[in-house]
Structures are given as C-alpha cells and as structure tokens.
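Here's the structure, in structure tokens; my notes come after.
The values are calculated or read from the model by the stated rules, or taken from the named source; none is laboratory data. These figures come from a predicted structure and were not determined experimentally. Every residue, glycine among them, receives a Cβ derived from its backbone with ideal geometry; neighbour counts consider all protein chains shown.
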Amino acid sequence: MPLRIEDYALIGDCHTAALVGVDGSIDWLCLPQFDSQSMFGALLGTEDHGRWLLAPADAVLSTSRAYDGPTFNLVTRWETADGEVEVTDLMPHGNKRADLVRRVRGIRGSVTMHQEVRIRFGYANAMPWVRQVAHKGGPALIAIAGPDAVILRGPAMKAIDHAHACDFTVSAGETVDIQLTWYKSYRPPPPAVDIDAAIERTTAWWTDWAAPLQNTGPYRDQVLRSILVLRALTLETTGGIVAAATTSLPEQWGGVRNWDYRFVWLRDASATLEVLASRGFTSEALAWRGWLLRAIAGDPADIQIMYGLAGERMLVEHIVDSLPGYDGAAPVRRGNAAFGQYQGDIFGEVMIALQKSREAGIEEDRFSWPLQRALMQFVAENWQRPDHGMWEIRGPKRHFTHSRAMLWAAVDCGVRGIEEHGLDGPLDEWRALRQRIRDDIEEHGFDRRRNSYTQYYGSEGVDATLLQLAQIGYLKHDDPRMLGTVAAIENELMRDGVLLRYRTETGVDKLPPGEHQFLACSFWLVEQYALSGRVEDAMALMDRLVGFCSDLGLLSEEYDTGQGRQAGNTPQALSHLGLVRAAGAIAFATGEQSEPKLATVSKKAQR
C-alpha cells in the first residue's frame, strides 16, 4: 500500500519528476519526461509495479527530511541504534539527459543500508531484461525493455524474485554514491555522472533562480516553495507547464474521479505565467508565450483547453489496466478525454496572461497580437455557446456563468491592449461586445432574489469559480453582488471551514457524487476576504490552509478534512498558484505590499 500523498517529496530536473516517500522508496518516476510511461509505479499499486527503496536495514529510531535551501535536493536523515545516516536525492539539472542521484553519507556510528530495485517499464507492463556488468568505476545494473533502458551504478546487487537488492554499511565520514540514468535502448549506456559537480551545479542553479524571491512578505516560506514548484513543473525545453506531476491520484478514496494531469492546461499555465511575470521572470514568461503561440497557432476554432508538453493535440484517454490504482482507486488513466471539450473560459485565461506579459514589459511581436485579434474574432462569434465549464463537466454543455465572465475578461484585455498599450484594433466594436456580454451575465447569471451569481444560467446553486469574478475585474471585491455571492458560497460549499468546488450530488457532472475540499478554491476565498476588508478572516483561513502543506511545503489538489490528509494529484500547480495569490492579497491588505501584483482589473470596465 502506498504512503499518504503528503508523505512524498518531489525531486525534479525541469523535464520530469520523481516522488520519494518518507520511507526512502521512490514510488513514482516517468522517464525521460513528465508524461512518459512510468518505470516506478508503486504509487498506483504495490512494490511489484516498480519502486526503488533505499533506507536503513535495521529499525529506525527517528526520521527527518528537508530540501537543501531553495532547491529540490532532498536530504533525509535516519537515526538507528548503531548510528546516523543521511541520503541526498536529486535529479541533476542541466545534464541534457535523465539522471537520478542518491548519495548516502555516514554521520555518526555505522548504519547498514538496504537497497531494493524493481524496474517495471511501460506502467508495469514490461518486465525488463536485466544484466549486471562491470562498468567503468565499478559494478552496474542494466535493464532494457523495448525503447527504454536504464543503467544503475552503485553497490553490487543480487537478483531476488524479479528484483535486485543488496545491503551495505556506511560509517561516519564515508560516502556511497548511487546513480540511475535513462537512455534509449538502441544506444550505448552514457558515461557516469560526476556527482560532486552535479550537486554543486544543481544547487547553484536553483539558488540563483530563486534569488529574487527571498523577500516575499507574509507566508514567504510557503510562497517561495510554491513558486519553486511551479518552476519544477515547467518543461525546460518547450516552456510547457504541467498541471501536476502525477496521474490518477484519487479525488475520492476508492472512487473513479482519477485523472491524468501531466499535460499543459491553458488555464493553469496562464495563471503560472501571471505569477512568474509579476515577479520579473521575463525569460520564463517569454518561453511560455512562445509555447502558447505555437500550440494555438492556426484557426481559433481549433483551440483546446489542454495540450501535450510540446503542444501535442491528441491526448486520447485510455485505461491503464496494469496499475490497480492508489489504494485501489481505479481506473488509472493515461491521457485526458477533456482535451476535446469546449471551455469558453480559456479565452479569458489566455488573454489575461498575455495582458500580464505586456504589463511586465514583454513587447508584442509580429505574430502575437494578430493571434489575439483572431481570438477576439472567435469570441465575438461564439460567446453565446454553452460549454463544459472550468471543471470539465462530463455532463451536458451549459451556459456556465464563470465561463461567460471569462469571455468578458478576454474582450476586456483586448480593449486594454488598445487603450493602454497603443495596439491596433476595433476599439468601439470590442467595447460594445464587452458590454453585451456583461448585460447577458447580469440578466441570466445573477439571482436577484438571493443576491448571488449562479453556477450556470437557470441554476439555483453556486460554484467556487464565481470567486474569480472580482479577480478578473468584473466586479469590485466589495460590490454588494460579490458579497452576496460569497455568502452563498460559504453557505453551500463550505465543509469544515474549507470549500468544495461545487455540489457533486446535484449530478451536474454525471459522475458518482463525492469529493474532498478543493484547495485552490479556498485560497481564492482568502484573496476575496483580504481584498474586501475581511482581513482577519483571510489570515485565519490562510493559516489553516498552509497547515495542510506537507512538511516540505507541497500541496496536492484537494484535502480530506475528515481524515486530515491530502487527496488528488500532486504537487498541484493550481493549489500553489492559489497560495501565492492569497499571500499577495494579504500582503496588500495589511500594507506590506503597495499593490496586489496579480490584479487584472480594468477600472473603466468595472460597474
């Protein structure tokens, strides 16, 4: 049985990531990219589905772990009756290949370490052919199956029941290095890593990248780690930003709400760009804008809500029968059928991100503004279409109020591009369109009896996405309609002080009811509280939410307050984005920051 989700640490090289358990077992690793097939898949099954265990062989008296400063170099320290040992796990940055390093260092006395490796390529569909070789510098293990191969260098191991294992002793002052390298099976194994140089280079790279983030106001440690997570989830070669590092971690224990998040959602990636651009990371913002322009180039009618890491369009969903699921939560999915959905809100997300890029000083090129004009033309012709909504509802299309408001935001950003940045476009036409969309929302998406906006036109319930109405500048945070909507959300969606996305028991998504509280939504509520004058409420909720972080500052998608544990895919970009925004709102509300860095509000457009 896998560990609790919060018991896993993330290590990564900005190409892929591994999850390392507090027990020393790497239970999830896909090489060479985030969306590759797993070679260690115990997270979604058992040890027989692949893992790499490295831990003391004898009883452990205490365990502690931490990242080495603003990096993803994980340092785990174990104490046994005979001594103390430290293991540093990392994926070296800048190698231009897929490596994973585990350095064991004796601290006190002597500790016998146990290593066990079960390699299962192709989501545990492919048992590799394994052989031991005498490679340069010592023994090595080579495993091959189809196109995949790895070489594992370190202490000699013995084959035991479709696994390889060994014990070795480390005394104070001694170091034992182990390294795993993925390569294409039809090529020779690459040379060994210079581990000292790799650790030094990787530490320096992460530290230098994070340097501008050292003074970030309240909740600065959580904000720093959150922004580092966003960088770690960004594929360096293409600029694509995955929504999470995992697939099929359940939103409902034992249920079917298990999705693959190892793709680039325009929504999540756009919000990540906002965060990075607002903090001066222009090179990352440029890389993402380049990815975006390549991905959505062509007919705006073909725009998707998500793409592959390089902009691939076909993300066909299928069941991975070889993995039984996290604690039996099946099915495990590869791909995501939602790529074929129409969601109107993404036009707003994209236009807001590009507006934020302009505000950060990134100039439009000869392609970017014409593409935005094409998007505006599509919005003008299609803004009245029903859609599946932000939550990828698998039921019938509806006129979701949030989607309609995001279309309003798209047009608002187009207007602002002309008014504030001198770009060319049909200003009067877009202003009129912006007003038509607003009038439509006010007529059909607002319940005057309850003084609240609704989940979709004609419904009586609410949706946590409505908290974004003030974020996008559609309303002021203290507008009576916004406050009425907040009251309705608190009444209908609050569970144990934390928000659900929506009421799944209404059947709107055509799935079995039940899921846990959605962390991003509660961070949105913190932001709303802070910017509408409820600062004490904002700080109280924020303190509770950051308490849901793991000991390493990581957040998954949801939180089960009943069992006190994280749920859903991890680490979740949207959760960490929400944390950063919420912290910025509190900083502004308490006078520690001169303006809310992520404001997208157009004062002329508010009403």
In segment 510-528, the residues that are buried (at least 20 other Cβ atoms within 10 Å of the Cβ) and farther than 15 Å from residue 250 by Cα: 520, 521, 522, 523, 524, 525, 526, 527, 528
Qualifying position, being part of a helix (DSSP H, G or I) and at pLDDT 95 or above, among 469, 423, 475: 469
Whichever residue in segment 129-169 is surrounded by fewer than 20 Cβ atoms within 10 Å (Cβ to Cβ) and of a type in the set (Asp, Glu) and, among such residues, is modelled with the lowest pLDDT: 161
Identity of the residue in segment 65-124, of a type in the set (Gly, Ala, Ser) and under 21 Å from residue 28 (Cβ atoms), that ends up surrounded by the fewest Cβ atoms within 10 Å (Cβ to Cβ): 66
Matching residues in segment 135-164 - criterion: being farther than 20 Å from residue 102 by Cα, out of contact with any helix residue (DSSP H, G or I) (no Cβ under 8 Å at 6 or more places or on another chain) and among the small types (Gly, Ala, Ser): 159
Failed item, numbered, when residue 172 is tested on (1) within 36 Å of the chain's Cα centre (by Cα); (2) modelled with pLDDT of 95 or more; (3) not β-branched (Val, Ile, Thr): (1)
All positions within segment 188-222 that are out of contact with any strand residue (DSSP E or B) (no Cβ under 7 Å at 6 or more places or on another chain), at pLDDT below 95 and of a type in the set (A, V, I, L, M): 210, 211, 213
Residues of segment 12-42 satisfying the condition of being part of a loop (DSSP other than H, G, I, E, B) and without any contact (Cβ under 8 Å) to a residue 60 or more places away in the chain: 22, 23, 36
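In the set 406, 376, 351, which member is of a type in the set (A, V, I, L, M), closer than 19 Å to residue 502 by Cα, assigned to a helix (DSSP H, G or I) and in contact with a helix residue (DSSP H, G or I) (Cβ under 6 Å, 6 or more places away or on another chain)?
Values: 376 fails: closer than 19 Å to residue 502 by Cα; 351 fails: closer than 19 Å to residue 502 by Cα.
Selected residue: 406, the only one of 406, 376, 351 that is of a type in the set (A, V, I, L, M), closer than 19 Å to residue 502 by Cα, assigned to a helix (DSSP H, G or I) and in contact with a helix residue (DSSP H, G or I) (Cβ under 6 Å, 6 or more places away or on another chain).
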Every residue from segment 138-155 that is under 15 Å from residue 53 (Cα atoms) and over 33 Å from the mean Cα position of the chain (by Cα): 155
First in segment 561-583 and not assigned by TED's automatic domain parsing to the domain that holds residue 267, second anywhere and assigned to a loop (DSSP other than H, G, I, E, B) and at pLDDT 95 or above, Cβ under 6 Å, 6 or more apart: none
For residue 283: the one exception among (1) touching a helix residue (DSSP H, G or I) at 6+ places or on another chain (Cβ under 8 Å); (2) modelled with pLDDT under 95; (3) assigned to a helix (DSSP H, G or I): (1)
Scan of segment 556-577 for residues that are hydrophobic (A, V, I, L, M, F, W, C) and touching a Leu at 6+ places or on another chain (Cβ under 6 Å), ordered by number: 573
Inter-residue pairs, beta-carbon under 6 Å, first assigned by TED's automatic domain parsing to the domain that holds residue 473 and touching a residue at least 24 places away in the same chain (Cβ under 8 Å) and in segment 435-456, second assigned to a helix (DSSP H, G or I) and of a type in the set (Phe, Trp, Tyr), 6+ apart: 437/408; 438/408
Enumeration of residues in segment 312-329 that are assigned to a loop (DSSP other than H, G, I, E, B), surrounded by fewer than 20 Cβ atoms within 10 Å (Cβ to Cβ) and of a type outside the set (D, E, K, R): 314, 316, 322, 324, 328
Residue, nearest to residue 388 (Cα to Cα), within segment 282-311, restricted to residues that are of a type in the set (D, E, K, R) and surrounded by 20 or more Cβ atoms within 10 Å (Cβ to Cβ): 289
Hey, residue 541 modelled with pLDDT of 95 or more and buried (at least 20 other Cβ atoms within 10 Å of the Cβ) or not: yes
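Of 108, 97, which residue is at pLDDT below 95 and either over 31 Å from the mean Cα position of the chain (by Cα) or not β-branched (Val, Ile, Thr) (or both)?
Numbers: 108 fails: at pLDDT below 95.
It is 97.
Would you check which residues across segment 177-192 are in contact with a Pro (Cβ under 8 Å, 6 or more places away or on another chain) and buried (at least 19 other Cβ atoms within 10 Å of the Cβ) and list them? If you could, list the steps in order and put the result at the bottom.
So the first thing to find is which residues in segment 177-192 are in contact with a Pro (Cβ under 8 Å, 6 or more places away or on another chain), and the list is 178, 181-186.
The answer is 178, 181, 182, 183.
Taking the residues in segment 503-522 that are of a type outside the set (A, V, I, L, M) and touching a strand residue (DSSP E or B) at 6+ places or on another chain (Cβ under 9 Å) as candidates, determine which candidate is modelled with the lowest pLDDT.
Start the filter on segment 503-522 by keeping residues that are of a type outside the set (A, V, I, L, M), which leaves 503-507, 509-510, 512-518, 521-522.
Now narrow it down to the ones that are touching a strand residue (DSSP E or B) at 6+ places or on another chain (Cβ under 9 Å): 515-518, 521-522.
Details: 515: 83, 516: 90, 517: 94, 518: 95, 521: 97, 522: 98.
Among those residues, the one meeting the criterion is 515.
Within segment 181-225, how many residues turn out to be polar (S, T, N, Q), outside any helix (DSSP H, G or I) and farther than 15 Å from residue 137 by Cβ?
So in segment 181-225, the residues polar (S, T, N, Q) come out as 181, 185, 202-203, 207, 214-216, 222.
Next cut, outside any helix (DSSP H, G or I) only: 181, 185, 214-216.
Filter again for farther than 15 Å from residue 137 by Cβ, leaving 185, 214-216.
Within segment 181-225, residues that are polar (S, T, N, Q), outside any helix (DSSP H, G or I) and farther than 15 Å from residue 137 by Cβ number 4.
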Qualifying residue in segment 526-534 (condition: in contact with a Phe, Trp or Tyr (Cβ under 9 Å, 6 or more places away or on another chain) and at pLDDT 95 or above): yes
Only listed residue being touching a His at 6+ places or on another chain (Cβ under 9 Å) and modelled with pLDDT of 95 or more, chosen from 61, 29, 54, 19: 54
Selection from segment 475-494 of residues that are closer than 19 Å to residue 460 by Cβ and not aliphatic (A, V, I, L, M): 481, 484, 485, 490, 491, 492
Subset of segment 568-587 (residues that are touching a helix residue (DSSP H, G or I) at 6+ places or on another chain (Cβ under 7 Å) and hydrophobic (A, V, I, L, M, F, W, C)): 573, 574, 577, 579, 580, 582, 583, 585, 586
Residue check, residue 531 within 20 Å of the chain's Cα centre (by Cα), in contact (Cβ under 8 Å) with a residue 24 or more places away in the chain and surrounded by 14 or more Cβ atoms within 10 Å (Cβ to Cβ): no
Sole exception among (1) of a type in the set (Val, Ile, Thr); (2) touching a helix residue (DSSP H, G or I) at 6+ places or on another chain (Cβ under 8 Å); (3) more than 25 Å from residue 369 (Cβ to Cβ) for residue 393, by number: (2)
Qualifying residue in segment 248-255 (condition: in contact (Cβ under 8 Å) with a residue 12 or more places away in the chain, among the hydrophobic types (A, V, I, L, M, F, W, C) and not in a helix (DSSP H, G or I)): yes
